[in-house]
Amino acid sequence: MTTAPQPQNPAVQLLTPEGELVTHESYSLDLTHAQYKSLYREMVFVRRLDQEATALQRQGELGLWASSLGQEAAQVGSAFALEKNDFAFPTYREHGVAWMRGVDPMKIMEVYRGISNGGWDPLEHRCNSYTIVIGNQVLNGVGYAMGCTLDQSEDAVITYFGDGATAQGDVNEGFVFASTFDAPVVFFCQNNQWAISQPSEKFVKTPIYKRADGFGFPGVLVDGNDILAVIAVTKAALDRARSGAGPTLIEAFTYRMGAHTTSDDPTRYRHENDLQNWKLRDPIERLKVMLARNGIADRNFFDAIDIDADAWAHTLRAAVRSMGEPAPESIFDNVYADSHEALDAQRAAFLDYHEGFADSGVQS
Amino acid sequence: MTNDLTIAKALNQALRTAMEEDSKVLLFGEDIGKLGGVFRVTDELHKDFGDHRVLDSPLAESGIVGTAIGLAMRGYRPVLEIQFDGFVFPAFDQIISQLAKVHRRTNGSVKLPITIRIPYGGGIGAVEHHSESPETFFTHIPGLRVLTPSDPQSAYSCLLSAIRSNDPVIFFEPKRRYWDKGFVDRTESPVDPWRARIVRTGSDVTVVAYGPMVKTALQAANASEYSLEVIDLQSLSPLDDRSIADSVERTGRLVIVHEAPGNLGLGAEIAARIGKSCFYTLEAPIERVTGYDIPYPPSKLEEHYLPDHDRILVAVDSAMEA
Ligand SMILES: Cc1ncc(C[n+]2csc(CCOP(=O)(O)OP(=O)(O)O)c2C)c(N)n1
Ligand SMILES: [Mg+2]
């Protein structure tokens, strides 16, 4: 058993909001220039995806959208740290994670357009379906991790949740189970300061990462808007998990720059000032400054990415607008894995009923 | 005092009335303070009654119900909000194991006058877990009362009665009807929530519905060539089968409508009771128009799941043709 690294306070940081590279006594990260540049590109695309989806919701093309704006570093960075065979368990907001796991953004759109409840195949991407019931996925992730141990594999799990979710029984039970079985799981909490209208400081009387102590595993606080620190901290936690030493809780300190979802009106409960302050801590901007300052990328590079992202967003928009709809009778599909006579009969009656309307020319 | 209110506003007024008449009434739930709840049913109440009467809870439903039980034991009368139907399940254990059983367990000493408000049902184009109709899970549990209003007047009267009740009440709010407007009489209670009410008289077929489906049943009644009597149950537990039977004695035919899946739904219970009590007057098999036995579908397909007035008319026709 390795001993828990002492929780760092303030947050682990390798890249300051001003775009300056700094060193940390416990964490470092060595990336190639190509990797730095690709991280920048991923974050720009994830933000573009978010903007596009928000606009599509406004235009009535999506039923709802939960914005990831401002959380790109936490999401892209933590998912970048995963190995191909690791498994991610996201909430409903982790578009950056789904993106990094190779999920087709159109599949995310399907969920928010109301065409599918799952979209992609979790097993194919090793990225679970979005989980909406707060906290449920944490226990599922822990169980998956327990299976990784039983299989004597090197696979690890990352499970995401928000600051609000830390109140749920499922999340705390997840901590206990993971600790009991030394499950190879990383608990990745994005503390974006808000749970709908509730500021996290109201319910979080001790920093979230410190709670890990009470459950018997290490907790780390990381600047969630610093993609380099997020990667370093997540990689270390995954390594620890793989080595059999058990779980780690990472609290990525970030900010929900947008509304909770497109249904929410944050002017009812929060001040504009906070938002302005957090804009100065923008995760993409600071990486951009670092790349430019260190001569890793120049204006042409940034401009080209913007042009690519624009073109890509344009295609996405068109594709969402022309998305087809599943057949009505597909509502009976996949309720059970094995054949089910009673439900088959119901589907047949459903089809008969609708054919009846078609014959009579009545719109059903 | 009378005026036209939406269901959401009528519920808000009922909460206000209850809080004014009893200082032990307090509201507890997620985002119900400054935000006024995601449907604004608690709008302005935090501002007017303060932190000690309107409590924003941590994000944990088992916590909300579990602590409310303690609060009630201490003499409070908590009115809880569960944000959406699909999020009541973390609280299921507390509801089934404690809330429903404490009065009986303590030989009547401990009363738990707790109301759990739950917006329920589909038709609003929402993502998963936001459109479910879980009422049957609760009607099945002895010790719980279950109410659901269908219009602003019944919303006002039912919620006040739920809060005044000394038993735990699971209170289902038809969320897709929140913005429907109607006349509300607040001077007295013209509606008895524990009784089914005839919302349209008719002579050919009795159509029993509740919550969001009452409006759909009324639409069917308007469109039907037959004379339909529409009954709004209001109370799902206890069931007022006497009122249903009275109507069926006159019409001889019964159609039951609900959004929840048909399998072992309320329709099954009503059919069993009326099948017995009205055995000699029934002129046709009892029909049910319900959700299918599937998980609630993604929103683009929900119209195919939800009972609509066409499906009710088809059921009415087969009752008439039997
Ligand atoms: C069990 C449950 N209760 C309530 C909700 C409604 N709800 C959706 S998101 C949310 C707040 C979540 O806050 P947090 O965990 O901080 O995640 P964030 O949305 O900030 O990413 C709530 C209350 C839900 N989805 N599930
Ligand atoms: Mg949050």
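The values are calculated or read from the model by the stated rules, or taken from the named source; none is laboratory data. Since the structure is predicted, the reported quantities are computational estimates derived from the model, not experimental observations. A quick note on method: Cβ atoms are made from the backbone with ideal geometry, for glycine too, and the neighbour counts reach across all protein chains shown.
Answer yes or no: is there a residue in the stretch A:182-189 that is within 16 Å of ligand 2 (Cβ to nearest atom), within 14 Å of chain B (Cβ to nearest Cβ) and under 21 Å from A:T261 (Cα atoms).
Initial filter on the stretch A:182-189 (within 16 Å of ligand 2 (Cβ to nearest atom)): A:187-189.
Subsequent filtering for residues that are within 14 Å of chain B (Cβ to nearest Cβ) retains A:189.
So of that shortlist, the ones also under 21 Å from A:T261 (Cα atoms) come out as A:189.
Yes, that holds for at least one residue.
Collect the residues in the stretch A:127-149 that are of a type in the set (G, A, S) and within 16 Å of ligand 2 (Cβ to nearest atom), keeping them in residue-number order.
Residue satisfying the conditions is A:G135 alone.
With respect to A:A74, determine if the residue is part of a helix (DSSP H, G or I), modelled with pLDDT of 95 or more and within 14 Å of chain B (Cβ to nearest Cβ).
No; evaluated as a whole, the condition is false for this residue.
Output the qualifying pairs, or none if there are none: Cβ atoms under 7 angstrom, residues six or more apart or on different chains, first residue in the stretch A:227-256 and within 14 Å of chain B (Cβ to nearest Cβ) and closer than 15 Å to A:V142 by Cβ, second residue away from ligand 2 (no atom under 16 Å from the Cβ) and in a helix (DSSP H, G or I).
Once the first residue is within 14 Å of chain B (Cβ to nearest Cβ) and closer than 15 Å to A:V142 by Cβ and sits in the stretch A:227-256, no partner that is away from ligand 2 (no atom under 16 Å from the Cβ) and in a helix (DSSP H, G or I) comes close enough.
Check whether at least one residue in the stretch A:267-283 is in a helix (DSSP H, G or I), within 15 Å of A:W194 (Cβ to Cβ), within 14 Å of chain B (Cβ to nearest Cβ) and without any contact (Cβ under 8 Å) to a residue 40 or more places away in the chain, and report yes or no.
Residues of the stretch A:267-283 in a helix (DSSP H, G or I): A:267-268, A:272-279, A:283.
Narrowing the set further to residues that are within 15 Å of A:W194 (Cβ to Cβ) leaves A:267-268, A:272-275, A:277-278.
Subset that is within 14 Å of chain B (Cβ to nearest Cβ): A:267-268.
After this cut, where a residue has to be without any contact (Cβ under 8 Å) to a residue 40 or more places away in the chain as well, the list is A:267.
Yes, that holds for at least one residue.
Just for the stretch B:75-113: of the residues that are hydroxyl-bearing (S, T, Y) and surrounded by fewer than 16 Cβ atoms within 10 Å (Cβ to Cβ), which one is farthest from ligand 1 (Cβ to nearest atom)? So that I can check it myself, show each step before the final result.
So in the stretch B:75-113, the residues hydroxyl-bearing (S, T, Y) come out as B:76, B:97, B:106, B:109.
Now narrow it down to the ones that are surrounded by fewer than 16 Cβ atoms within 10 Å (Cβ to Cβ): B:97, B:106, B:109.
On the way: B:S97: 19, B:T106: 30, B:S109: 33 Å.
It comes out as B:S109.
Criterion first (at pLDDT 95 or above, within 30 Å of B:L160 (Cα to Cα), more than 14 Å from chain A (Cβ to nearest Cβ) and crowded, with 22+ Cβ neighbours inside 10 Å) does B:S243 satisfy it? Explain how you work it out, then say what you get.
Numbers: at pLDDT 95 or above: yes; within 30 Å of B:L160 (Cα to Cα): yes; more than 14 Å from chain A (Cβ to nearest Cβ): yes; crowded, with 22+ Cβ neighbours inside 10 Å: no.
So B:S243 fails the test.
Would you please name the residue that is farthest from the chain's Cα centre (by Cα), looking only at residues in the stretch B:271-322 that are more than 14 Å from every other protein chain (Cβ to nearest Cβ) and either among the small types (G, A, S) or under 30 Å from A:K107 (Cβ atoms) (or both)?
It comes out as B:A322.
Report every pair of residues separated by at least 6 positions or lying on different chains whose Cβ atoms are under 7 Å apart, first residue within the stretch B:196-208 and under 17 Å from B:D240 (Cβ atoms), second modelled with pLDDT under 95 and surrounded by 19 or more Cβ atoms within 10 Å (Cβ to Cβ).
Pairs found: B:R197/B:V191.
Evaluate the following for A:G141: is it out of contact with any Lys or Arg (no Cβ under 7 Å at 6 or more places or on another chain), in a helix (DSSP H, G or I) and closer than 28 Å to B:A126 by Cα? Reasoning before the result, please.
Numbers: out of contact with any Lys or Arg (no Cβ under 7 Å at 6 or more places or on another chain): yes; in a helix (DSSP H, G or I): yes; closer than 28 Å to B:A126 by Cα: yes.
Spelling it out, A:G141 is indeed out of contact with any Lys or Arg (no Cβ under 7 Å at 6 or more places or on another chain), in a helix (DSSP H, G or I) and closer than 28 Å to B:A126 by Cα.
Every residue in the stretch A:150-181 that is touching a Ser or Thr at 6+ places or on another chain (Cβ under 7 Å), under 16 Å from A:T234 (Cα atoms) and either of a type in the set (A, V, I, L, M, F, W, C) or away from ligand 2 (no atom under 13 Å from the Cβ) (or both), please.
Across the stretch A:150-181, the qualifying residues are A:I158, A:F161.
Give the residues of the stretch A:140-169 that are within 25 Å of A:M100 (Cβ to Cβ) and within 14 Å of another protein chain (Cβ to nearest Cβ), sorted by residue number.
Correct list: A:F161, A:G162, A:D163, A:G164, A:A165, A:T166.
Hey, among A:G295, A:G324, A:G356, which residue is over 22 Å from A:S116 (Cα atoms) and within 14 Å of another protein chain (Cβ to nearest Cβ)? Steps first, answer last, please.
On the way: A:G295 fails: within 14 Å of another protein chain (Cβ to nearest Cβ); A:G324 fails: over 22 Å from A:S116 (Cα atoms).
Only one candidate passes the filter, namely A:G356.
Among B:A284, B:A315, B:A319, B:A272, which is the only one that is free of Cβ contacts under 8 Å to residues at least 12 places away in the same chain and either under 21 Å from B:P134 (Cα atoms) or touching a Lys or Arg at 6+ places or on another chain (Cβ under 8 Å) (or both)? Talk me through it step by step, then tell me what you get.
Values: B:A284 fails: free of Cβ contacts under 8 Å to residues at least 12 places away in the same chain; B:A315 fails: free of Cβ contacts under 8 Å to residues at least 12 places away in the same chain; B:A319 fails: free of Cβ contacts under 8 Å to residues at least 12 places away in the same chain.
Of the residues listed, the single one that is free of Cβ contacts under 8 Å to residues at least 12 places away in the same chain and either under 21 Å from B:P134 (Cα atoms) or touching a Lys or Arg at 6+ places or on another chain (Cβ under 8 Å) (or both) is B:A272.
Kindly establish whether A:I134 is out of contact with any strand residue (DSSP E or B) (no Cβ under 7 Å at 6 or more places or on another chain) and either among the hydrophobic types (A, V, I, L, M, F, W, C) or within 13 Å of ligand 1 (Cβ to nearest atom) (or both). First the steps, then the outcome.
On the way: out of contact with any strand residue (DSSP E or B) (no Cβ under 7 Å at 6 or more places or on another chain): yes; either among the hydrophobic types (A, V, I, L, M, F, W, C) or within 13 Å of ligand 1 (Cβ to nearest atom) (or both): yes.
It is true that A:I134 is out of contact with any strand residue (DSSP E or B) (no Cβ under 7 Å at 6 or more places or on another chain) and either among the hydrophobic types (A, V, I, L, M, F, W, C) or within 13 Å of ligand 1 (Cβ to nearest atom) (or both).
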